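Notes to accompany the following structure.
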Amino acid sequence: MSQLSTPKLNAPSQEGSLDQWLEYWQSIHATAIDMGLERVRPVAEYLAILHPQVPVITVAGTNGKGSTTTVIAAIYQAAGLRVGLYQSPHIQYFNERIRLGGVPVENQILINAFVEVEAARVACGLTLSFFEATTLAAFVIFKQQKCDVWVLEVGLGGRLDVVNLIDPTVAVITNIGIDHVEWLGDNREAIGFEKAGILRQNIPLIFGDVDMPHSVRQRAEVLNCRVYQSGRDYFWQNFDADAREVGKNVDQKNSLLHVAHSENSQSAIYTMDAHTLILPKAYLALTNISCAVSAVLVSPIPVQITEIIKGIWSAKLAGRFEERQYHGKRLIADVAHNPHGVHFLLEQLFAYRKKHVTRQIHAIFSMLADKDIDSVVDMVKGSVFHWHIAALEVPRAASLEQLQVALKNEALSGKVTVYQSIGDALVGASRVAQNDDVMLAWGSFYTLEAIYQQIQMEDKPF
């Protein structure tokens, strides 16, 4: 078992600030990402957090993990349960990653957990990466707060991610796309193998896509996991004339059919086994909502249909096709940053433009250097009237030159404007966009962080 370099900083005390602790965790390990569980497991064992005595829902996948975990947590909260929700990354504040009852954890609770993790780390003579330390802190908090259920989003992959220290009661894989190729492989079968690492013997697997890699199916068969796959074992569709006919033909004796109170509140119909639900209008994407509902229905926690509906209706998550107004102009913020996510973004954008009278799209755009910039630009450029770009102010940011190379043909058409920052790009786009245009901010969690910071800065009184 490797013991890595001595920490560069002394650990803050229990009276230290959250920022001091986060800086400390970012400093003590040789690399930001260190895949594998052998080194971190002894620390988790020391903390006695490996075996929660409550159900655990673990969600992996290329895209949609945040939305899916948000809906699962919201449903259980509507049922009156104390829910521990862990997600990553955050957009504005680190506390967003760890939520108790839907509320970001308080600073002091986090700091107290960090003190415990640090003591365990020192006792084991090991270093921890930022993600490892902060994830262990989440588990410490959920145990201390006596959460009734843990809802965990996998950070990267599955098999070697620190979240996978905890055995799930239900496993969810939202979809398999190409991303993080340097860690997970450059094809869906290899990536599927990594994601399927969250499976355990005899537990149910919810798979949220109609196209399942053989590597996932094979792993589920070896472990005797009951698979519930979208388009095969559960179904959803927008609530239209056809869906109404489906609802009329449901066998009422063998189903749980919940009809919303008015036509205006209905969004989609969902079916799985003996369950049929007519879902309310929701803030998040139906494909992720259906995935979440499936996980709840196969879990050992009993919930009422009304609680499922209430949870869906209340579930919100920043940066998932989030509609805002900025200087009187329409702004849509989305964290899409890989081809699979961008394809879904374009589908949502197409549906949005069918419902709303829109003229042109102004893209406020930046990405990280290790992402497939050329592919996503090629996918989106036919829809964009004008690009407003800037380099992000983070270590992994794509340079302005990289962004300009990807957009060189757009620039030749006079469709690209360069700014000093994403905040400036937002302001600049709002000045030239017409009232019936749409500003689309996308490309990275960090892009949206800069967008929200700009909005927040302007909202603060002087």
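Of the set (1) under 19 Å from the mean Cα position of the chain (by Cα); (2) free of Cβ contacts under 8 Å to residues at least 60 places away in the same chain; (3) not in a loop (DSSP other than H, G, I, E, B), all apply to ARG217 but (1). Would you pick out the residues in the range 133-157 that are not in a loop (DSSP other than H, G, I, E, B) and not aliphatic (A, V, I, L, M)? Within the range 133-157, THR134, THR135, PHE139, PHE142, LYS143, GLN144, TRP150, GLU153 meet the criteria.
When the range 35-94 is filtered for residues that are within 20 Å of VAL105 (Cβ to Cβ), part of a loop (DSSP other than H, G, I, E, B) and of a type in the set (Lys, Arg), only ARG82 remains.
Would you say LEU165 is modelled with pLDDT of 90 or more and not assigned by TED's automatic domain parsing to the domain that holds ILE373? So LEU165 passes the test.
Check TYR446, TYR419, TYR452 and return the single one that is within 23 Å of VAL342 (Cβ to Cβ), touching a residue at least 24 places away in the same chain (Cβ under 8 Å), in contact with a Ser or Thr (Cβ under 8 Å, 6 or more places away or on another chain) and of a type in the set (Phe, Trp, Tyr).
Criteria check complete, one pass: TYR446.
Look at ALA363 and say whether it is small (Gly, Ala, Ser), touching a residue at least 24 places away in the same chain (Cβ under 8 Å), in a strand (DSSP E or B) and crowded, with 17+ Cβ neighbours inside 10 Å. Considered against the rule, which asks whether it is small (Gly, Ala, Ser), touching a residue at least 24 places away in the same chain (Cβ under 8 Å), in a strand (DSSP E or B) and crowded, with 17+ Cβ neighbours inside 10 Å, ALA363 comes out as yes. Is there a residue being crowded, with 18+ Cβ neighbours inside 10 Å, at pLDDT below 95, closer than 19 Å to ILE98 by Cβ and not assigned by TED's automatic domain parsing to the domain that holds ARG396 anywhere in the range 148-159? Yes, the conditions are met somewhere in the range 148-159. Answer with yes or no whether PHE139 is of a type in the set (Phe, Trp, Tyr) and crowded, with 20+ Cβ neighbours inside 10 Å. Yes. The single condition from (1) of a type in the set (Asp, Glu); (2) at pLDDT 95 or above; (3) within 18 Å of VAL376 (Cβ to Cβ) that ASP424 fails is (3).
So, in the range 97-111, how many residues would count as being without any contact (Cβ under 8 Å) to a residue 12 or more places away in the chain and either outside any helix (DSSP H, G or I) or touching a strand residue (DSSP E or B) at 6+ places or on another chain (Cβ under 8 Å) (or both)?
The first filter runs over the range 97-111 and keeps only residues without any contact (Cβ under 8 Å) to a residue 12 or more places away in the chain, leaving 103-104, 106, 108.
The next check asks that each one be either outside any helix (DSSP H, G or I) or touching a strand residue (DSSP E or B) at 6+ places or on another chain (Cβ under 8 Å) (or both); those that pass are 103-104, 106.
So the answer is 3.
When GLU106 is tested against (1) crowded, with 17+ Cβ neighbours inside 10 Å; (2) of a type in the set (D, E, K, R); (3) under 30 Å from ALA450 (Cα atoms), only condition (1) is not met. For ASP34, the conditions (1) surrounded by fewer than 17 Cβ atoms within 10 Å (Cβ to Cβ); (2) modelled with pLDDT under 90; (3) assigned by TED's automatic domain parsing to the domain that holds GLY125 all hold with the exception of (1).
Looking at VAL246, is it part of a helix (DSSP H, G or I), surrounded by fewer than 21 Cβ atoms within 10 Å (Cβ to Cβ) and at pLDDT below 50? Yes: the conditions hold for VAL246.
Exactly one residue among VAL427, VAL438 is surrounded by fewer than 21 Cβ atoms within 10 Å (Cβ to Cβ) and assigned by TED's automatic domain parsing to the domain that holds ASN338, and that residue is VAL427. Which is hydrophobic (A, V, I, L, M, F, W, C) and more than 17 Å from the chain's Cα centre (by Cα), of ILE289, ILE308, ILE312? Going through ILE289, ILE308, ILE312 in turn, the sole match is ILE308. Would you point out which residue out of ASP334, ASP273 is at pLDDT 95 or above, over 16 Å from TYR76 (Cα atoms) and among the acidic types (Asp, Glu)? Only one candidate passes the filter, namely ASP334.
Within the range 409-462, the only residue that satisfies the criterion of being outside any helix (DSSP H, G or I), of a type in the set (S, T, N, Q) and within 26 Å of LYS65 (Cα to Cα) is SER444.
Pairs meeting the criteria (first residue in the range 331-349 and more than 19 Å from VAL210 (Cα to Cα), second residue surrounded by 21 or more Cβ atoms within 10 Å (Cβ to Cβ) and of a type in the set (Ser, Thr, Tyr), beta carbons under 6 Å, at least 6 apart or on different chains) are HIS337/SER444.
The values are calculated or read from the model by the stated rules, or taken from the named source; none is laboratory data. Everything numeric in this text was worked out from a predicted model, so none of it was measured. So basically every Cβ, Gly included, is an ideal-geometry build from the backbone, and we count neighbours across all protein chains shown.
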